[in-house]
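The values are calculated or read from the model by the stated rules, or taken from the named source; none is laboratory data. These numbers were taken from a predicted model, which means no experiment stands behind them. No Cβ is skipped: glycine too gets one built from the backbone with ideal geometry, and neighbour counts run over all protein chains shown. Side chains are part of the model used for accessible areas, which takes the heavy atoms of the whole protein and leaves out ligands, DNA and RNA. Shrake-Rupley method; radii C 1.70, N 1.55, O 1.52, S 1.80 Å.
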Amino acid sequence: MRMIPNIPPMARYLMRRFMTGLVTLFGITIITFVIIKLAPGDPAQARTVGLQGKRVSERVYQQLREYYGLDQPVYVQYYNWMDRLCHLDFGTSFYDGRAVASKIRDALWPTMSVAILSILLAFIISTPIGIYSAARQNGPFDRSVSTTLYMVYSIPSYVIGMLLILYLGVKLELFPFRGMHSDNYAQLSTLGKCIDLGRHYFMITVCETVGSLAYYSRFVRQNLLEVIRQDYIRTARAKGLSETQVILKHAFVNSLIPFITLLGLTFPALLSGSVILETMFNWPGLGRLFFESVLQRDYPTLMALNFITAVMVLAGTLLADLAYGLVDPRVSYD
Amino acid sequence: MTRSTLTSFAILISLLFALQACKQNIEDIRRGPDESSTKSTTSTQTVVYDPHKDPLVNQPDMFQPAPQNKAEIASNETLIWQLDGSPTNLNPIFQSAVVDQMAVDPIYQIPFTGDAKMNWVVNKDMVESYEESPDHLVWTVKLKPGLTWHDGQPFTAEDFRFSWQAINDDKVPSPAYKTATDQIADVQAIDARTIRFVTKEALAVTRWNISYPIIPKHIYDNPVERKAHPDLISGPYYNKYNREGVVGFGPYKLAQWIPNDRLVYERWEDYKGTKPYFKRIIMKIQPDPQTTLLLFKQGQLDYIERLTSQQFARETNDSDFAANGRKAYGPQWIYSYIGWNMDGSNPFFSDIRVRRAMTCALDIQRIIRELGYNLPQQAHGIFHPDSWMYDPTIKLLPFDRQLSAKLLDKAGWKMNPDDGWRYKTVNGKPVKFEFEILIPQGAATSEKVAAIFANDLKAEPIGVSLKTRVIEWTVFQQMTHNHEFQACMAAWGSGTDPEGEWNIWHSSQYNGGRNYGGYKNARADQLLDAGRREFDPAKRAKIYQELSHIIYDDQPYTFMTNAPLLSAVHKRLRGMQLSPVGLAMFYPGWNVWWVPANQALRQ
Amino acid sequence: MTEQNTKSPGFWGRIWRQFRHYKLGMVGLVIVVVMFLVAFFAPMLASERPILCRFDGKLYAPAVIDTFRQIPLVGRVIFHSPPFNRASFVFKQEFNPRRGDWALWTPIPFGPLEMAALPLQSPSRLHMLGTDEVGRDILSRMIHGTSVSMKVGFISMGIAVLIGLFFGAIAGYAGGWTDISISRFIEIIMCFPTFFLILGILAWFPPRIENVMIVIGLTNWVGIARYARGEIIRLRGSDFTTAARALGAGHSRIIFRHLLPNSLAPVMISVTFGIATAILVEAGLSWLGFGVQPPDPSWGNMLRSGYDNLFTAPHLIPPPCVAIFIAVLAFNLVGDALRDVIDPRLQGSMK
């Protein structure tokens, strides 16, 4: 790339990141494929599991294997998958014959909405806490809040989930905890639908928020503390702005960008890392789709899910790096 | 901050560890396990549940047949069922689970089916007449006139022929029906209403084999689509007709399918056969048994096909349940077993004495009492005592730990007094009696049975070590199929015709069949072969009775319990029949359920 | 120990002196030590066999012997005397005070696999946390579950440390293409959903506790490798490396005697957090049914049985929840304090 000197460093950087990203993606698909192939049990067997009362002859089993292309060498299967992917086709689910893309589309919203909600919630709650803590650094509020948050941070989300289900769901019967909406959802008025959805979203959103809440507020506090020490803040103070104004205007805005960086890093994790929570809450999202696909040996769906997650992680990292560069001019793209 | 934190820690720690400071009453501990527990608790657990004394169970109302006077019957009623998973699709030839079977049932029909006693019956809504050739090779079936598909197209013999071809097409991944329909040599459409089935062999089971699901030729045999998607399952066209656009010919049409939520069926008013009494059926997809019961108690469900034993005995005695619900209890032809691998790959179970010793060491009554709340019954071998194949002279092995120890001694497995385990010298080396049992994931009761069994086997005088391995269903299937196991725990439903046993017990079925444990008995092989070709019911019964006796004596399985039928039904429902496969999935099954006009609830 | 080899002999001692001032860290450490003791002495805390007893005229200490038989090599030398050597010997049934037998029971006189009572009993004086679905004492299972969690935490992180240090050291020291390819590989591993890796691998090994440890180790080394790599790149240019090289030391000598010991301290931080993660992942896996196999107790599968009996036996849920929380919190506290001591640059941020 040094041969073409007139490409700006930013573009060169992006291009390099893109190329390495492609290599990484390629590696990921290969490893995924190998793991899938090595795992015992195959789709043909998975299809016949439910037929306990019916007999399935060896011939039928072999035909099913042929149908799923399992009789071909692994590299041919991989090539076929890659070939389809290049045509932007994730293939057909081995489980129910639906297009994988539409299966994922259906599962995307439930997961995504919870992720967005929980990030928003964490943001809304953690920012004031962080700012207040930073403003009154080492004061009683700062200390008690940070201790509490620390303890909260250490509670695994599924443990919170179990406790919420037990106390709010079973004992107090305040919130439903299975699925996305009630049985009579279709008959409800618009307002009723909103309330119903909100009640169903409540627990799973709380579970996903709690961990990031502590993380974010400590992050905000830390960033503010750093920013406050910087020169231009000192200038602002010298200009006679009040402490509140200084913090709210300058410091807060300036610490927003690293926050976005953090978002780029945590969002993909929120999307993919909720297998247990979604199983627990019977939530029809990506995590449960993933777990069910593992159990059903639905190879095309698994491959697609892993591919999409990897793309999101890579994109998230790239965005985070770029955002980081925006704030900190010392970061160069060479 | 530190002080308060420290205090909270102290509390948390004390929760876990400081509790041990409590004084123990040695007397309580020393008393045997059973005595101490009965003494120390007053919980309801100690009260024995008896389904026959439960006022909500099998009330006579439930079984009242529909009256002649149609005015007494609510005609606009909705019935809401629980479906414990999403169906994969609604094309019956692709059925791969019980859920699919239930979801398809209202939309489709088959010409011959089983009644509440599991006898073969003709579906009079479809078949006008049938004829079996004297050599049992050719069946001619005449359809009723005027049958149509839901979309108005005529329902003809061509559809039979097409469906048979589709099922047996190598490119069509139909897991369930290829195996039986490949016994048919040809399906001929003589005229629009007459079908001739020509079979390869004269088999007693032919009358079941020719009853396969029928799909509409005019939709599936689409030349363009079939070329692009010869599997009849992929692509948007087939996806539509296999799912929300399904075209059937049963008494109901699919009105709506909300994925992960519900399927709604509307009565098809143009239906030519006997019209069912419910205007609408909703199948509510709810995989979780606890939520299901909750919904039922709130009046949002009318029928739960399977309750757990615990729910049936313990969680349905409250006023919430009694306000809306009744319970159905009866025998089902399903038995749970521990299968022993006898193919010689392990040093234990090829020996019949060892297998018998294992059975004698398993406290089946305790399992029934503690895990099944007295609801299941002890299994009497491969056939249910209510069935015509059952041999009443079968003598059950007793639960007798001393006898078990004696049998193990005889088989050469001697107790080592140094460590309390049994050993045997095999090929000059001492082998410890330690085996692994495979359990499919999600079978919670099996895990508990294994825990009890392991405890009992370990204790004197038996001294056998049992390890459990819980694996996914798919892997379970693979490992048992490849004979990679020492013992496994599962269940069989004995189905409609004993023909199914051939595939499980015939020695030729060790490779590729379901004879996972390698059972081999020349007489059993003879009987299995004879049973397939015997057409005289009395003689056939004799054959299978002898077979069941032989198999029980050989103990290739330790037969545990017959799973009972445990259903919850809304109190307004009438017209039910108990059957070995539940209240609904037989002929006419739920098609004759009704609700008295004065108790109509969901119009 | 490595401190003799390092340039600063009192390194670990200095860390300890500073660490002592972090109260929360000390609290965490105390909890970790207590859990460790509970895990090790589990057979003496909860067992169906007594600590000390007189049986048929002779004295025995079966629970004590059970405890020490857990130590890998010692276990081969220590034996039970008959009849306690027999697994099938049920002392509680043979115990007969009229013969003059007496017993000093363990504080919780029930074994983790012993079906001592009826199933799903609520907490009572005899079973302080109640019993589970086949009538086993939950407190006893909690105690024995501690040792499962501790083992998984420490052993899996041990594996992760070995792999991580190996790759990190090579990448950091060699640089160039080696570094690039290893870094790329690390990136690939990081892009995987951890759960997929674990489920995939576990599907092909039998889900035994050893395999769970290996799998968690195999998926957790990436952070350590990155840490070690960064540290070694930093140290590579330092004076003492140059000095060692000038003295004619070989690559392996420089890596193993100079660079690795000095980069160990920062790695320790990530190990401490890693143990918390490992405990979490094990419990999660067991919850999904891929972890420790029944009937052996683990916090995760106990939590699962609580979930399965949510409406009938709510008392099953809080104990494992509290235990997992305390364990994770304790390791996080220790890790945080450790980081503040070792690497003041990172003070205050979490992980």
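What the table below lists for this structure:
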{"read-out": "Rounded to whole Hz, the Karplus (6.51, -1.76, 1.60) HN-Hα couplings of the stretch B:110-122, x for glycine and proline", "value": "10, x, 10, 8, x, 9, 5, 9, 6, 7, 6, 9, 8"}
{"read-out": "Expected 222 nm ellipticity per residue - DSSP helices of 4 or more, -39500 (n - 2.57), all of the protein assembly as shown, to 500", "value": "-15000 deg cm²/dmol"}
{"read-out": "Virtual spin-label span in nm between C:TRP102 and C:ARG76, 7 Å along Cα→Cβ", "value": "3.9"}
{"read-out": "Reachable lysines, given that their alpha-carbon falls under 24 Å from the alpha-carbon of C:LYS58 and they are not under 8 places away in the same chain", "value": "C:LYS92"}
{"read-out": "Karplus-derived HN-Hα couplings along the stretch B:527-542 (A = 6.51, B = -1.76, C = 1.60, θ = phi - 60°), whole Hz, x at Gly and Pro", "value": "5, 4, 5, 5, x, 5, 10, 8, 9, 7, x, 5, 5, 5, 4, 4"}
{"read-out": "Inter-centroid distance (Cα atoms) of the stretch B:491-567 relative to the stretch B:139-211, Å", "value": "28"}
{"read-out": "Over the stretch B:256-370, relative contact order from alpha-carbon pairs under 8 Å, at least 6 apart, %", "value": "13"}
{"read-out": "Spin-label model distance (nm) - B:GLN298 vs C:GLU210, 7 Å beyond Cα toward Cβ", "value": "4.9"}
{"read-out": "Stretch gain in nm, segment B:GLU269-B:ASP182, where the contour uses 0.36 nm per residue and the Cα spacing is subtracted", "value": "27.8 nm"}
{"read-out": "Summed buried accessible area for C+A [probe radius 1.4 Å, Å², rounded to 100]", "value": "4100"}
{"read-out": "Kyte-Doolittle at least -1.0, axis length at least 30 Å by Cα - qualifying DSSP helices, chain C", "value": "C:138-174, C:209-236, C:260-288, C:318-342"}
{"read-out": "Shielding by partners - mean other protein chain Cβ count within 10 Å, residues of A:298-307", "value": "1"}
{"read-out": "Virtual spin-label span in nm between B:PHE63 and B:THR393, 7 Å along Cα→Cβ", "value": "3.2"}
{"read-out": "Percent accessible area from carbon and sulfur atoms, the stretch C:140-350, protein chains only, probe 1.4 Å", "value": "66"}
{"read-out": "Restricting the stretch B:87-144 to trypsin sites (Lys or Arg not before Pro) in coil, as DSSP defines it, with at most 15 other Cβ within 10 Å", "value": "B:LYS117, B:LYS124"}
{"read-out": "Tensor-based shape of chain C (alpha-carbon gyration tensor, a/c under 1.5 rounded, otherwise prolate or oblate)", "value": "prolate"}
{"read-out": "Ranked order, C:ARG229, C:ARG49, C:ARG339 - accessible area, probe 1.4 Å, largest first", "value": "C:ARG229, C:ARG49, C:ARG339"}
{"read-out": "Cα gyration tensor shape for the stretch B:121-218, rounded if a/c is under 1.5, else prolate or oblate", "value": "oblate"}
{"read-out": "Chain-alone versus full-assembly comparison, the stretch B:80-127, residues with accessible loss of at least 30 Å² (1.4 Å probe)", "value": "B:THR88, B:SER96"}
{"read-out": "Computed E for B:ALA600/B:LYS429 - FRET, C-beta separation, R0 56 angstrom, nearest 0.05", "value": "0.15"}
{"read-out": "Cβ neighbours within 10 Å from other chains - mean over C:292-298", "value": "4"}
{"read-out": "B versus C: buried accessible surface, summed, Å² (probe 1.4 Å, to nearest 100)", "value": "5100"}
{"read-out": "Accessible-area value, B:ILE364, 1.4 Å probe, nucleic acids and ligands omitted, Å²", "value": "10"}
{"read-out": "Chains A and B together, accessible area buried on both sides, 1.4 angstrom probe, square angstrom", "value": "4100"}
{"read-out": "Extension gain from B:ILE190 to B:LEU403, taking 0.36 nm per residue of separation minus the Cα-Cα distance", "value": "70.2 nm"}
{"read-out": "Highest to lowest packing among B:411-417, C:195-201, C:311-317, scored as the average C-beta count within 10 Å", "value": "C:195-201, C:311-317, B:411-417"}
{"read-out": "Restricting the stretch C:90-170 to trypsin sites (Lys or Arg not before Pro) in coil, as DSSP defines it, with at most 16 other Cβ within 10 Å", "value": "C:ARG125"}
{"read-out": "B:LYS240 - accessible surface, heavy atoms, 1.4 Å probe, Å² rounded to 10", "value": "100"}
{"read-out": "Rounded to the nearest 10 Å², the accessible area of B:VAL449 at probe 1.4 Å", "value": "10"}
{"read-out": "Residue-normalised accessible area of the stretch C:140-350, expressed per residue, 1.4 Å probe, Å²", "value": "33"}
{"read-out": "FRET efficiency for A:ALA238 and A:ILE125, using Cβ-Cβ distance with R0 set to 25 Å, rounded to 0.05", "value": "0.15"}
{"read-out": "FRET efficiency for A:ARG229 and A:ASP106, using Cβ-Cβ distance with R0 set to 51 Å, rounded to 0.05", "value": "0.55"}
{"read-out": "Candidate residues B:LYS227, B:LYS279: accessible-area rank, largest first, probe 1.4 Å", "value": "B:LYS227, B:LYS279"}
{"read-out": "Chain A shape via C-alpha gyration tensor axes, a/c threshold 1.5", "value": "oblate"}
{"read-out": "Accessible surface ranking that places the most exposed of A:GLU243, B:GLU499, B:GLU436 first, with a 1.4 angstrom probe", "value": "A:GLU243, B:GLU436, B:GLU499"}
{"read-out": "Flagged links, alpha-carbon separation over 23 Å, of B:LYS124/B:LYS253; A:LYS103/B:LYS279; B:LYS327/B:LYS395; A:LYS103/B:LYS284; B:LYS458/C:LYS151", "value": "A:LYS103/B:LYS279; B:LYS327/B:LYS395; B:LYS458/C:LYS151"}
{"read-out": "Per residue solvent-accessible surface (Å²) - the stretch A:102-327, probe of 1.4 Å", "value": "43"}
{"read-out": "Peptide-level mean, for C:322-328, of C-beta atoms on other protein chains within 10 Å", "value": "5"}
{"read-out": "Table column - 3J(HN,Hα) (Hz), the stretch C:64-71, Karplus curve with 6.51, -1.76, 1.60, x for Gly and Pro", "value": "4, 5, 3, 4, 7, 5, 6, 5"}
